[in-house]
1. Apply the Karplus curve 6.51 cos²θ - 1.76 cosθ + 1.60, θ = phi - 60°, to the phi angles in segment 64-70 and return the couplings in whole Hz, x for Gly and Pro.
2. Starting from 0.36 nm per residue, how many nanometres of slack lie between Ile118 and Glu69 once their C-alpha separation is accounted for?
3. Just to be sure I understand the model, the point goes 7 Å from the Cα along the line to the Cβ. What's the resulting Gln80 to Ser59 distance in nm?
4. Amide H to amide H under 5 Å from Leu53: which residues, 5+ apart in sequence or cross-chain, H placed 1.01 Å off N in plane?
5. For segment 22-112, just say rounded, prolate or oblate: build the C-alpha gyration tensor, square-root its eigenvalues into a ≥ b ≥ c, call rounded for a/c under 1.5, and beyond that prolate if a/b exceeds b/c, oblate if not.
Amino acid sequence: MKLFVLISFLLIAMTGCASTPKDPYVQKLQWLDAADPQTDAQEAIKKGDLRLLGLAGRSVNIPGVIKEETLKYEMKCGVQLIDGVSDVVRSDEHLRLMQKARSYALSYNAIIKTQCHI
């Protein structure tokens with residue numbers, strides 16, 4: 001009986017140790033669940049920050065900006081990359097948050113572009 005209790009305890013302890021730590025890429029993007037791109041863009045404009053939001057993959061993508069105008073916007077207004085977005089999908093949650101990041105950046109950039117003219 002003592003052996004059974006000891007083995008049970010060890011199995012439970014090892015199961016707790018085997019849990020995976022939180023993905024740092026997911027942690028970096030969790031702020032998007034409570035973010036409001038319209039409010040955030042208006043606040044940035046008030047501060048004079050006209051940088052557009054970009055997504056880093058194999059190259060930088062600026063949602064809402066056509067590829068031919070990307071360099072012009074980068075030079076005129078600047079680009080801030082959303083930390084946690086990459087070209088590698090690490091989990092279903094990471095994919096969900098990267099999709100949310102793209103949607104957020106699209107809305108945010110639409111407002112910033114009204115003030116940043118190329």
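Coordinate-derived values only; no laboratory data. Please read all numbers here as calculations on a predicted model, not as lab measurements. Note that we place each Cβ from the backbone using ideal geometry, even for glycine, and neighbour counts take in every protein chain shown.
1. x, 10, 6, 3, 5, 9, 4
2. Working: separation 49, 0.36 × 49 = 17.64 nm, distance 0.86 nm.
That works out to 16.8 nm of additional length.
3. 2.5
4. Gln80, Asn109
5. On the way: a/c = 2.26, a/b = 1.38, b/c = 1.64.
Note, shape of segment 22-112 comes out oblate.
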